[in-house]
Amino acid sequence: MSFLPIDKVRGEHLVDRETVMTIPAGSSFADPEQIRAKAGELVEAINWRMMGSRAVAEVTSAKGIKLFDAQTGEPILPVGAAEATAIANAAWKSDAKPVSKASRVTTESPEYRAALPAWRIAYSDPDATSIFVAADTGEITAVRTGTWRLYDFFWSLHIMDWKNHENFNTWWLLAFAIGGLVLGLAGTVLLFIRWPFRRKRRKA
């Protein structure tokens, strides 16, 4: 695992996360109070940003994130398959094309444990890359490659969590750690007992 660069494992070299689309100058925005009222709950923050070619207001509350049209203040439906594919393609740096339509992800798995629901866009590049786009925010939440899957497999062996690949407090790992410590201490004691100068002293 240490041999593979972590940025390559995460697939960061395959997507553009640095380019930020600026909101066009002179754009008009809905009254934040109007958006807050339509959110229907206690709002923690409102962020204005671009999602594709549209300016949106990202409203964060205790119940999660909702998107509103920045100009009209009307709620926006969750991101669909076509829009998620367009978002992934815009950030995709390779010439490889998606191998199929975006598939909807509704449950966590060892491969994806981020915002749900989400869309998975699989590409035909040599590393079998998949880009995940959150349906509620339209943001890329994960990039998974064949390299990542290989890394994750060895990581699951390393922490001995073969189901979820994230719990490093398993009884398996604890048992092997204690066993390794016992063997190490026993080996140290045996080494001290069998040390050459002690055998010479006994012969004398």
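Each reported figure results from applying straightforward, stated rules to the coordinates on display, with no laboratory input. Computed from a prediction, not measured in an experiment: that's the story for all the values here. Note that we place each Cβ from the backbone using ideal geometry, even for glycine, and neighbour counts take in every protein chain shown.
The chymotrypsin sites (Phe, Trp or Tyr not before Pro) of the stretch 25-93 include none that DSSP puts in a loop with a beta carbon having at most 11 other beta carbons within 10 Å. Computed from Cα positions, the angle between helix 171-193 and the longest principal axis of the chain comes to roughly 30 degrees.
Remark: for residue pairs LYS66/LYS93; LYS38/LYS163; LYS63/LYS163, the C-alpha separation exceeds 32 Å in LYS38/LYS163.
The Kirkwood radius of the stretch 97-183, taken over pairs of alpha-carbon atoms, gives through the Stokes-Einstein law at 37 °C and 0.692 mPa s a diffusion coefficient of 224 µm² s⁻¹. The longest part of the chain holding none of the exposed loop trypsin sites (Lys or Arg not before Pro), meaning those outside H, G, I, E and B in DSSP with at most 15 other Cβ atoms within 10 Å, is 114-162.
Count Lys and Arg as plus one, Asp and Glu as minus one, and take only other residues whose Cβ is under 9 Å from that of MET51; the net charge is then -1. Entry for the chain at q = 0.13 Å⁻¹: log10 I(q)/I(0) = -0.85, Debye formula applied to identical alpha-carbon scatterers, no solvent contribution.
For the chain, which span is the longest to avoid every loop-located (per DSSP) member of GluC sites (Glu not before Pro) having at most 16 other Cβ atoms inside 10 Å? My reading of the result: 42-107 is the longest stretch.
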